[in-house]
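A short write-up of the structure that comes next.
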Amino acid sequence: MSHLTIRPIAAGEEAAVIALWTACALTRPWNDPAQDIAFARGKPNSDVLVGIDAAGALRAAAMVGHDGHRGTMYYVGVDPALRGRGLGREMVAAAEAWMEARGVWKANLLVRETNTAVLGFYERLGYVRGSALQIEKWIGPLGREAATRKPPGVEPMPAAGWPRCGASAAIFRSGEVLLIRRGKGYLQGLWSLPGGHIEPG
């Protein structure tokens, strides 16, 4: 049973999509989501899909595209309050249908290494780890400007030795939550709940 009407993003929905992606922790300071939406929407090879519920509220979104050879999904997010109700599955199916309608026969999915908890969801949908390693480079004036927003020390985690054990604490008081700014390591410069890596033994 379908819970969402899924269609390309409409004018005026940009802020709602960005708010959703932010709530899902999919945005990063060095990637401007508004710029990403403007670049991808309504193109022959890319678009931004939104999932609208029966009340007209935007509950899910995903960016989808292809390079003439492979399709890719980015920014797949569902309202955190509605997870576990099949909305993510609907969004992935819609993105796959978008690709298939354009003759694409393989879908790639980008998942940040800091978001490994979602991998089980995608595995249940038939996604597996590929044999290719993604490497990247900032190019042109826009790329160089974006790279300046990336905090120092935020680099890809090493492939070996992950996942690792860690501990975190959520501390609430008077309707507020305590956050810390990471001072070193992989997430240096980013805000998070207090906690960190635990050495076994």
- Task: Quick one: which residue in V50, V78 is in contact with a Cys (Cβ under 8 Å, 6 or more places away or on another chain) and of a type outside the set (F, W, Y)?
- Result: V78
- For segment 46-59, enumerate the residues that are of a type in the set (A, V, I, L, M, F, W, C), surrounded by fewer than 21 Cβ atoms within 10 Å (Cβ to Cβ) and within 12 Å of P8 (Cβ to Cβ). I52
- Select from segment 88-111 the residues that are in contact (Cβ under 8 Å) with a residue 24 or more places away in the chain and of a type in the set (G, A, S) and write down the one among them that is farthest from I6 (Cα to Cα). A107
- Query: So which strands (runs of 3 or more DSSP E) stay within segment 93-201 end to end and still have 1 or more residues that are touching a helix residue (DSSP H, G or I) at 6+ places or on another chain (Cβ under 9 Å) and modelled with pLDDT of 75 or more?
  - Reply: 107-109
- Qualifying residues in segment 60-113 (those that are of a type in the set (F, W, Y) and closer than 20 Å to R28 by Cβ) - the one least open to solvent (accessible area, probe 1.4 Å): Y75
- Item | Matching residues, segment 1-35, being among the basic types (K, R) and exposed (fewer than 14 other Cβ atoms within 10 Å of the Cβ) | R7
- Please specify each residue of segment 73-110 satisfying the condition of being β-branched (V, I, T) and within 15 Å of R124 (Cα to Cα). V92
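The values are calculated or read from the model by the stated rules, or taken from the named source; none is laboratory data. Here the structure is a predicted model, which is why all the values come from computation and not from measurement. For neighbour counting, all protein chains shown are included, and Cβ atoms are generated from backbone atoms with ideal geometry for every residue, glycine included. For the accessible areas, the whole protein counts, side chains as well, though only heavy atoms, and no ligand, DNA or RNA atoms are used. Shrake-Rupley method; radii C 1.70, N 1.55, O 1.52, S 1.80 Å.
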